[in-house]
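Below is one structure, written out as C-alpha cells; comments come after it.
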Amino acid sequence: MRMRAAVLEEFGQPLVVQEIDLEEPKTGEVLVRLVACGVCHTDMYTASGVDPSGYAPAVLGHEGAGVVEAVGEGVDSLRVGDHVVTLFSPQCRECEHCLSPRTNICLAIRDQQGKGYLPDGTTRLSRDGEPIRHFMGTSTFAEYTVMPAIALAKVSPEAPLDRACLFACGLSTGLGAAMYTAKVEAGTTCVVFGAGMVGLGAVAGCRLQGADRIVCVDLSQERLQMARHQGATDVMIGGADTVEAILEMTGGFGADHTIEATGLVGVMRQAVESARMGWGLATMCGVAGKGETIAIIPRLLITGRRVAGSSFGGVKGRDQVPQLVQRYLDGDIDVDAFLSHRLTLDEVNRGFDLMHAQDGIRSVIEFA
Ligand SMILES: NC(=O)c1ccc[n+]([C@@H]2O[C@H](COP(=O)([O-])OP(=O)(O)OC[C@H]3O[C@@H](n4cnc5c(N)ncnc54)[C@H](O)[C@@H]3O)[C@@H](O)[C@H]2O)c1
Ligand SMILES: [Zn+2]
Ligand SMILES: [Zn+2]
C-alpha cells in the first residue's frame with residue numbers, strides 16, 4: 001500500500017514527508033493504522049546525526065498509538081480493531097529475560113531491530129523498490145506501520161489514543177522507574193531530578209506508590225509547577241548546591257530514592273550523592289552522550305547507596321502498559337497535562353523545534 005510518512009533522508013536535515021510503500025504484515029507481524037504519535041528526544045537525537053547507531057533513510061517515530069488493521073500469519077494475541085500502543089521495548093514472553101521478573105529487556109528481536117529491520121531481517125518500508133529502514137522497530141511518524149505482534153500492547157478501547165501514545169515511551173519510563181525499577185515504598189522520601197516527560201512521570205509514579213515526600217529538581221519554574229500538579233510536595237531549582245540542600249531537607253542523611261531524568265552525567269552524580277546512606281537507591285533514566293561517564297566516590301557505595309539503571313522504566317510492555325493506561329482511565333494519572341501541542345504529520349519538524357525550545361512537555365502528531 002501507499003502511505004505518507006516522515007523520512008529521515010539526511011542527518012541534520014529536516015524530515016521529508018512523502019508517499020512511500022508499505023508491504024503487508026508477514027508471519028508474526030501486524031499492520032497498525034496510527035491515530036497519534038508523540039515526538040520524543042530520541043527521534044530528534046537520531047535525526048541530528050549525533051547518535052552513532054543512527055541510519056538513513058528511515059522512518060522515525062516511536063511513541064505511537066493506533067488501531068490494528070490486519071494481522072499476519074500466526075498472530076493470535078491481536079485482532080483487527082484492537083487499540084494498541086507501540087513498544088520499542090518488546091515483550092516476547094518466552095526469552096530468558098521475559099521469563100524473569102528481574103528485567104523488562106526482551107532478547108527476542110534486539111539485533112535486527114537495532115539495525116532497522118523487522119525480525120526476519122528485511123523491511124516492509126520502501127520507495128521505488130529501494131528499502132527504507134524501520135526505526136526502533138516502530139516507525140510511527142507514518143499513517144501506517146507494520147510491527148511484530150510482540151511489540152504491541154493492547155490497551156483499553158476507552159483510552160483516547162492521543163493520550164495513550166504517551167505511554168509508548170516517556171510517560172511509562174518515568175512511571176515505571178518509580179513503580180517497577182525503584183519499587184518506591186509507601187512513606188518514603190523521593191527526589192526526582194528533571195521535570196520533563198520522564199521526570200514528571202516519575203513524580204506521578206512516586207505518588208502512586210505512596211511516597212510521603214516527593215522533591216522535584218529542575219531549572220524551570222514552570223516545569224516545577226507541573227511537578228507540583230503531579231504530586232511533588234517540594235520543588236527546587238537545580239544547581240551546584242542541590243545535594244547539600246537535599247541532605248539538609250533529610251536530616252543530613254539523603255533520600256530513600258532518587259530518580260534521575262535529565263540525561264546529564266553531572267546530575268546523575270548528584271542523584272547518587274543525595275541518596276541515603278545505608279539504603280538509598282539512585283535510579284538513572286537519562287540517556288547520556290556517547291562516551292560520558294558518571295563519577296561516583298566508592299565510599300558512597302560501601303556505605304550502602306545503590307545505583308540502578310532503568311530502560312523503559314522497567315515496564316514489561318505488553319503486560320504493564322495496559323495496566324498503566326487503565327490507571328489513567330481510573331483517574332490516577334493526569335495525562336492531559338502533558339499534551340502541549342497537537343500537530344499534523346506535515347508539521348513533524350515543528351515538533352523538533354518546540355522540543356528544542358523546551359516549549360511544552362509533549363507535542364503529539366494526529367493522523368487525519
Ligand atoms: N531510559 C529510557 O528508556 C528513556 C526513555 C525516554 C527518555 N529517556 C531519557 O530521559 C531523559 C529525560 O527525558 P525527557 O523527555 O523528560 O527530557 P526533557 O529534556 O523534557 O527533560 C529534562 C529536564 O531536565 C532538566 N534539567 C536540566 N538540567 C538540570 C539540572 N542541572 N538539574 C535538574 N534538572 C535539570 C531540564 O530543565 C528539563 O526539564 C533524556 O535523557 C531522555 O533521553 C530515557
Ligand atoms: Zn522516546
Ligand atoms: Zn523476550
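The values are calculated or read from the model by the stated rules, or taken from the named source; none is laboratory data. As the structure is a computational prediction, the values presented were derived from the model and not from experiment. Positions of Cβ are backbone-derived with ideal geometry, glycine not excepted, and every protein chain shown enters the neighbour counts.
Here are a few things to note about the model shown:
- The set of residues in region 83-129 being outside any loop (DSSP other than H, G, I, E, B) and over 16 Å from residue 147 (Cα atoms) consists of 96, 97, 98, 99, 127.
- Residue match in region 154-167 (condition: surrounded by fewer than 19 Cβ atoms within 10 Å (Cβ to Cβ), free of Cβ contacts under 8 Å to residues at least 24 places away in the same chain and more than 19 Å from residue 70 (Cα to Cα)): yes
- Within region 133-153, the only residue that satisfies the criterion of being in a loop (DSSP other than H, G, I, E, B) and surrounded by fewer than 24 Cβ atoms within 10 Å (Cβ to Cβ) is 143.
- Pairs are defined by a Cβ separation below 7 Å, a sequence spacing of at least 6 or placement on different chains, a first member in region 190-205 that is under 17 Å from residue 39 (Cβ atoms), and a second member that is among the basic types (Lys, Arg) and at pLDDT 95 or above; the pairs so defined are 197/362.
Yes/no per residue for (1) more than 16 Å from ligand 1 (Cβ to nearest atom); (2) touching a helix residue (DSSP H, G or I) at 6+ places or on another chain (Cβ under 8 Å); (3) farther than 23 Å from residue 347 by Cβ:
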{"site": "22", "(1), (2), (3)": "yes, no, no"}
{"site": "30", "(1), (2), (3)": "yes, yes, yes"}
{"site": "37", "(1), (2), (3)": "no, yes, no"}
{"site": "44", "(1), (2), (3)": "no, yes, no"}
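- Any hit, region 2-12, residues being within 18 Å of residue 132 (Cβ to Cβ), assigned to a strand (DSSP E or B) and without any contact (Cβ under 8 Å) to a residue 40 or more places away in the chain: yes
- Selection from region 46-68 of residues that are within 13 Å of ligand 2 (Cβ to nearest atom) and within 14 Å of the chain's Cα centre (by Cα): 61, 62, 63, 64
For (1) within 25 Å of residue 220 (Cα to Cα); (2) more than 16 Å from ligand 2 (Cβ to nearest atom), each residue gets a yes or a no:
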position	(1), (2)
148	no, yes
166	yes, no
169	yes, no
195	yes, yes
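- Unique residue being modelled with pLDDT of 95 or more and either part of a strand (DSSP E or B) or away from ligand 3 (no atom under 16 Å from the Cβ) (or both) when the list is 291, 278: 278
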